[in-house]
Amino acid sequence: QSAKCGACGPGYATPLDAMKGKCCPREEIVYLPCIYRNTGIEKPDYLATVDVDPKSPHYCQVIHRLPMPNLKDELHHSGWNACSSCFGDATKRRNRLILPSLISSRIYVVDVGTDQRAPRIHKVVEPVELFWKGNVANPHTSHCLGSGDILISCLGDPSGNGKGGFVLLDGETFEVKGNWENGGKVPPLGYDFWYQPRHNVLMSTEWGTPKVLADGFNPADVERGHYGRRINVWDWSTHAYIQAIDLGQGSIPLEIRFLHNPAAAEGFVGCALSGAVHRFYKTEKGDWAAEKVIEVPRKKVRGWLLPDMPGLITDILISLDDRFLYFSNWLHGDIRQYDISDTRKPKLVGQVFLGGCITKGGPVTVVEDKELQCQPEPFVIKGKRVPGGPQMIQLSLDGKRLYVTSSLYSGWDKQFYPDLVREGSVMLQIDVDTERGGLKVNKNFLVDFGKEPDGPVLAHEIRYPGGDCTSDIWM
């Protein structure tokens, strides 16, 4: 769990310790929320434990399912009660997974400490707690704080309007303490966030208005201002909203990642609709700015919702040594690896296609493509043609294995990839060349969530019991 340290808390002293230390055995199990909302199957969402140990007789199998006590929660992203931000505190243990529900606004606290392979529910925070104590709803990202408390970003208010606020949970009792933010100013929309105490900053992003995006995507809602365009900058010590960095109409900035090195005053954000990755950084004046460093060109198409198809960058992450940036284009169907040794000039060093909307023989014809000579072949693994496109990604601590799932969010899955909802999502693994760069699908690895006991299900974000590239923050 931690380095050779008699009195240390959870996680690792530094990102490089996590990546290279002897304390880091290869991941053996992972946790994924599995969603039934919008699939036509009236069953509760559940947390799946998947065996990813190649030496295990249960390799690539779901070995445990923890069903939630309610229907239609839309489990989405998860976080920890304690992580590397608490490394110096020997009283803390990483033994609870915080599981917010995007649609019901419930927060489940799951005990993963008693039996790592068979998690159980520890506590349920009901939506009314968020509504009354914070006037917020639709919780999204949770990060543990060095103080021991848990901070959760929200998308909206209890009426389904956009509101980029936060709630704070007590790290011992998991009671809602109230809002984290101070002052009357709150961004109009919320989504993901990352904090960096050494630079006295928290950065949050914007997806869209909850009641507008709940059941699907209408391009006209972008023009109406219902989708995000800003990185929002907060003062870490006073919790005040101090700056907005506008990335442009229709950009929809989703996942935001600082470099892991806690001294670094920069990071990257992936914008879904504009297909751009922006580098954000601290200026000499001490405020923050952003510059576009990667752009995925749209493809001109026939037989689709719009004549121009964006890549739809839905997830991004950075390796623990801050050398590579990865992201998924959910609609185009590829995952990319960039060398970010020079953060201002990322270099594409790896790319692999895992499905998507533009595969040969499908309903979409590509009329003009600035990148590809021809439409990619459908993605088949172990005899299964995979529906959907690559979406959530998680990298092993050593940087050598990239895990991928294919569901974005049930309301959008249903609209863009009806086959995905009918057949269930998959989890795949990509082997990474960490020397020169390069991605290759592991043809022996497939977790098919279409074969679940209660019917096909949509599996989303991946977490390792000991922490990972997207949940741990170093102070």
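Six or more apart or on different chains, Cβ under 9 Å: which pairs go from a residue in segment 416-428 that's modelled with pLDDT of 95 or more and part of a helix (DSSP H, G or I) to one that's of a type in the set (D, E, K, R) and buried (at least 23 other Cβ atoms within 10 Å of the Cβ)? Could you list them? Taking only residues 6 or more apart or on different chains, the pairs are Leu420/Asp413; Val421/Asp413.
Among the listed residues Leu247, Leu202, Leu168, which satisfies the condition of being among the aliphatic types (A, V, I, L, M), without any contact (Cβ under 8 Å) to a residue 40 or more places away in the chain and more than 17 Å from Val128 (Cα to Cα)? Quick ask: steps written out before the conclusion?
Details: Leu247 fails: without any contact (Cβ under 8 Å) to a residue 40 or more places away in the chain; Leu168 fails: more than 17 Å from Val128 (Cα to Cα).
Checking each option against the conditions leaves just Leu202.
Only one entry in Gly411, Gly466, Gly437, Gly450 is assigned to a helix (DSSP H, G or I), open to solvent by less than 30 Å² (accessible area, probe 1.4 Å) and within 24 Å of Ile256 (Cα to Cα), namely Gly411. Among the residues of segment 341-352, is any without any contact (Cβ under 8 Å) to a residue 40 or more places away in the chain, under 20 Å from the mean Cα position of the chain (by Cα) and more than 24 Å from Thr205 (Cβ to Cβ)? So far as segment 341-352 goes, no, none of its residues is without any contact (Cβ under 8 Å) to a residue 40 or more places away in the chain, under 20 Å from the mean Cα position of the chain (by Cα) and more than 24 Å from Thr205 (Cβ to Cβ). Taken over segment 200-235, the criterion of being among the charged types (D, E, K, R) and under 23 Å from Arg257 (Cβ atoms) is satisfied by Glu206, Arg229, Arg230, Asp235. Comparison of Lys382, Lys360 shows that the only residue that is at pLDDT 95 or above, over 22 Å from Arg302 (Cβ atoms) and charged (D, E, K, R) is Lys382. Only one entry of Gly164, Gly148, Gly88, Gly134 meets the criterion of being in contact with a Leu (Cβ under 8 Å, 6 or more places away or on another chain) and not hydroxyl-bearing (Ser, Thr, Tyr), and that entry is Gly164. One residue alone among Glu175, Glu181 is more than 19 Å from Ile103 (Cα to Cα), surrounded by fewer than 20 Cβ atoms within 10 Å (Cβ to Cβ) and modelled with pLDDT of 95 or more, and that residue is Glu175. Per the listing Leu458, Leu397, Leu402, the residue uniquely closer than 20 Å to Asp73 by Cβ and open to solvent by less than 30 Å² (accessible area, probe 1.4 Å) is Leu458. Among the residues of segment 317-346, count how many are open to solvent by less than 10 Å² (accessible area, probe 1.4 Å) and outside any loop (DSSP other than H, G, I, E, B). Residues flagged as open to solvent by less than 10 Å² (accessible area, probe 1.4 Å) and outside any loop (DSSP other than H, G, I, E, B) within segment 317-346 amount to 12.
The values are calculated or read from the model by the stated rules, or taken from the named source; none is laboratory data. Everything numeric here is computed off the predicted structure, so don't read it as measured data. Neighbour counts run over all protein chains shown; Cβ positions are idealised from the backbone, glycine included. The area values use the complete protein model at the heavy-atom level, side chains included, leaving out ligands, DNA and RNA. Shrake-Rupley method; radii C 1.70, N 1.55, O 1.52, S 1.80 Å.
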